[in-house]
Amino acid sequence: MTNAPLVTVRDLRIGATTDSGRKVEIIKDVSFDVAPGEIVALIGESGSGKTTIALSLMGHTRSGCDITGGTITLGEDTVTAMTERGRARLRGTKVSYIPQSAAAAFNPSKRIMDQVTEINAIHRLMPRSAAEAKAVELFRALALPEPETIGERYPHQVSGGQLQRLSAAMALIGGPSLVIFDEPTTALDVTTQIEVLRAFKSVMQAGGIAGVYVSHDLAVVAQIADRVIVLRGGEIQEEGRTDQILRSPTHAYTKQLVAAFDPVPHASVAAETGVSAKPPILEVTNLHAGYGAIHNGEPTFKILKNINFRLERGRNMGVIGESGSGKSTLARAIAGILPPYQGTILLDGQEMRGALKGRSKDELRRAQIVFQLADTALNPAHSIGNILGRPLTFYHGLKGAAREARVIELLDMVHLPATMRHRLPGELSGGQKQRINLARALAAEPELILCDEITSALDTVVAAAILDLLKELQQGLGLSYLFISHDLSTVEAICDDVLVMLMGEVVEALPAADMSEQATHAYSRLLISSVPRLDTGWLAGLEQDPALVAQFAKR
Amino acid sequence: MKREHPIAASQPERNARGYTFSWVGRIGLLIILFWALVALIGPALAPYPPGEIVDWDYFGPVSGKYWMGTDYLGRDIFSRILMGARYTVGIAFCAVVLACTGGVFMGMIAAVMGGWFDMILSRLLDAFNGIPSLLFGLVVVAAVGSSIPVLVLTLAAIYMPGSYRFARALAVNVNTMDFVTVARARGEQTGYLILREIFPNILGPVLADLGLRFVFIVLVLSGLSFLGLGVQPPYADWGALVRENIEGLSLGAPAVIFPSIAIASLTISVNMLIDNLPNKIRDRRE
């Protein structure tokens, strides 16, 4: 009986009813198996149905959705034929779930131990003391610090990576035969992600537990999954063993996904000769910035400390670092949104005042900022034409037909159709919105664009297209970018130089092309080595100095 | 390597939207328009002068002569309701527009400016909010005497701080959104930020609040009339009509029913309209 699959999904169809009452099919005839002890990854872009499929394995659909056809069997049970009560008995004991955001999944007012053993309390599997002993065992297996006492803490008293591992303990306490991972490491920093992935892998292997791992990140999936299912638009595009998918993808979409991962080395467009003749487009010296009430000229919370760098005209500067390192604050300080309290910013050799109010219209025009979240950066009440037209009127005084013509030109520059100017932002996709954000920055005819994680919220393939667009625009318009990202391969693809930031300071400046070879600072080396590679053996073969990890990683 | 991406091909479907009303909203609008019309031309239609005692029998029944019966002095209720529409609809409408315009704009300015300006304005209006509304009306009217402009301004002043609080809370949220930051980084002035970036995004909830506030104003106006500080006799707003004829209820007189129906129909229809505004106005995000 060892060959019988644990999970069988046959012709699964899931439908949803939209607000306007129209019925749409989200999942179209999906069939796959999961063998006992096997980890299968569901990979695809947002909206591909990967989470919907994973949730349906518990017999659950998000509100508004319904399983309209097909069968799902889990061991002996046919999930699709069960009553809601029956499914409730199944959840936690045979199948369990690890959500993306552990922070949101824990109740902040209850102790961790009570929450981890809650499944036991609901299903009355074993006495409380036995459950707690099992939880401590799991904490140990998941390499959590102080396994005996960590359960006594509240969720806010442990780190994000620890909380994600604790949510794994919560999922495993009922002894399930299948665990659903819903992008469990997406919200974590790379140095934290490694430890979490290792812990997941070892407990799953030790317990012989099968898993369904939902992710958009091929490199993460490569480390943990035995098999990969590539989804798009609710249909399976390709299915195969992990190394086969990575090495020889057959479907065009999978090829695109894998190709988007290949770091395309960036060729600088700035002519090396004559660079020194002009002043750098941006020069920052001794920059300090922070938040909070100001006492004696210094804010309460000092974020940026002594930042110095030069960005030559036509070159691109990457800024990398983990969450909380001050990357975004740097962009805001340069843009004047958060006035620095010390230090100077030279734009094209001219000193700019710190605060927005002290800057001239022309200075503001020359440096534009683009934000990470494309949808919150566009006013939902304005049409695209108005959004793009406003900087034209504001900076260049364009009106009427001239303004309209320029809007169409801008849309064309970011490869969007001219008819899009009549739409509202809510009617655009994520990638399209980010293109509009870029077009709005371009409308000012800037010389420097500050890009704050502009590809981080986008799907891999869409993000790659945005990067191509940025390069194309740079060649045509002679722009310089300050490119902030936590994703090293993105930075590699577009930047000439890279600043590594840690706790508000620049620890090292490196050439982007060979970051890993030239990195000398311990933290840069740790950060660079922590980025998952598209290689199934990477995690197992990775060796990091534990002293370094202890010093810098927020595990 | 140049990658091929179908950019323009994958467009989310366009929402069907526009200025179409649901039927509930249409009914609400119709009733409001009806009352607005009555307020304008009603007095010309009234069969009797509203202050004249036309029937020697008080609390008279519904008859061919007096369509809605007569009141506690034998005056024609129908004529008095037509005349009362002018006071109730007119005063409440003017007061609510004043209160909400003032409150919303001050709220948005406070949210955008922040700092000491926001703090001083907020605390002042909070303090003002602490004064009981009827007491405030009593003091003002007692001091300067009752007239229509005084009533409108008093009612607007009573309801302005609430509207300010509401709009400020909404505007503070919108103010932190990236699109406002982008506009600010562009160098836009406060006026543009308020009118073009923030106002359209808080309009929906502000209108809903306006509907609610209108109803409250009708009630306070009735309360003031009850104390003799509102519309002065022989004229009366609907609230006063209810109050002066309340004893007729025990006598089975219809006098109190009709002004009550008038108030109910007006307040309910305002809310029917507000709750069913076209999507385009109500929620721009979806």
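No lab work stands behind these numbers, since they all come straight from the coordinates. Only a predicted model underlies this, so the values are computations on that prediction, with no experimental measurement involved. Quick reminder, even Gly has a Cβ in these numbers, built from the backbone with ideal geometry, and neighbours come from all protein chains shown.
A few notes on this one:
- Taken one residue at a time, the phi angles of region A:84-91 give Karplus couplings (6.51, -1.76, 1.60, θ = phi - 60°) of 4, 5, x, 5, 4, 5, 6, 6 Hz. Gly and Pro are set to x.
- With contacts taken as Cα pairs under 8 Å and at least 6 residues apart, region B:149-286 reaches a relative contact order of 23 percent.
- Within region A:361-515, antiparallel bridges make up roughly 40 percent of the DSSP beta bridges whose residues both belong there.
- Across chain A, the longest piece that holds none of the GluC sites (Glu not before Pro) lying in DSSP loops with up to 14 other C-beta atoms within 10 Å covers A:273-542.
- Mean Cα-pair separation over length for region B:74-192, i.e. relative contact order, pairs under 8 Å, 6 or more apart, %: 43 percent
- Reachable lysines from A:K50, criterion Cα separation under 17 angstrom, eight or more residues apart if same chain: A:K28
- The three principal axes of the C-alpha atoms in region A:184-238 carry coordinate ranges of 32, 28, 14 Å, sorted with the longest axis first.
- Ellipsoid equivalent to chain A - semi-axes via the Cα gyration tensor, in Å: 44, 29, 22
- A simple rule links phi to the HN-Hα coupling: the Karplus curve 6.51 cos²θ - 1.76 cosθ + 1.60 with θ = phi - 60°, which for region A:364-369 gives 5, 5, 6, 10, 10, 10 Hz, with x for Gly and Pro.
- Charge tally around A:F106: other residues with Cβ under 13 Å, Lys/Arg +1 each, Asp/Glu -1 each, net +2.
- Cα-based helix-to-principal-axis angle, A:190-207 vs chain A, degrees rounded to 10: 10 degrees
- Separation of alpha-carbon centers, region A:374-409 and region A:325-342, rounded to whole Å: 26 Å
- Stokes-Einstein D for region A:119-192, Kirkwood Rh over Cα pairs, 37 °C, 0.692 mPa s (µm²/s): 249 µm²/s
- The phi-based Karplus calculation (6.51 cos²θ - 1.76 cosθ + 1.60; θ = phi - 60°) puts the 3J(HN,Hα) values of region A:165-179 at 6, 5, 5, 5, 4, 4, 6, 8, 5, x, x, x, 9, 9, 10 Hz, whole numbers, x for Gly and Pro.
- Applying a threshold of 20 Å to the alpha-carbon distances of A:K302/A:K327; A:K361/A:K399; A:K278/A:K361 flags A:K278/A:K361 as lying beyond it.
- Antiparallel bridges, percent of DSSP beta bridges restricted to chain A (to nearest 5): 55 percent
- Computed [θ] at 222 nm, helices only, for chain A once each DSSP H run of length n ≥ 4 contributes -39500 (n - 2.57): -10500 deg cm²/dmol
- Proximal aspartates and glutamates to A:K433, defined as alpha-carbon separation beneath 17 angstrom and excluding residues fewer than eight positions away on the same chain: A:E45, A:D375, A:E409, A:D412, A:D452, A:E453, A:D459, A:D468, B:E13, B:D178, B:E286
- Here's how it looks for A:D375: its modeled amide H is under 5 Å from none belonging to a residue 5 or more places away or on a different chain.
- Cα-based Kirkwood hydrodynamic radius, chain B, one decimal, Å: 21.5 Å
- Distant-in-sequence amide contacts of A:Y97, defined by a placed amide H-H separation under 5 Å and a gap of 5 or more residues or a different chain, comprise A:I180.
- Close amide-amide hydrogen proximity is noted between B:G230 and B:S225, each under 5 Å apart and 5 or more residues distant or on a separate chain (H modeled in the peptide plane; Pro and chain starts excluded).
- Short-range pairs are left out: with C-alpha atoms under 8 Å and at least six residues apart, the relative contact order of chain A is 15 percent.
- Sequence-distant aspartates and glutamates (8 or more away, or on other chains) whose Cα lies within less than 19 Å of A:K94: A:D33, A:E38, A:E76, A:D77, A:E84, A:E118, A:D182
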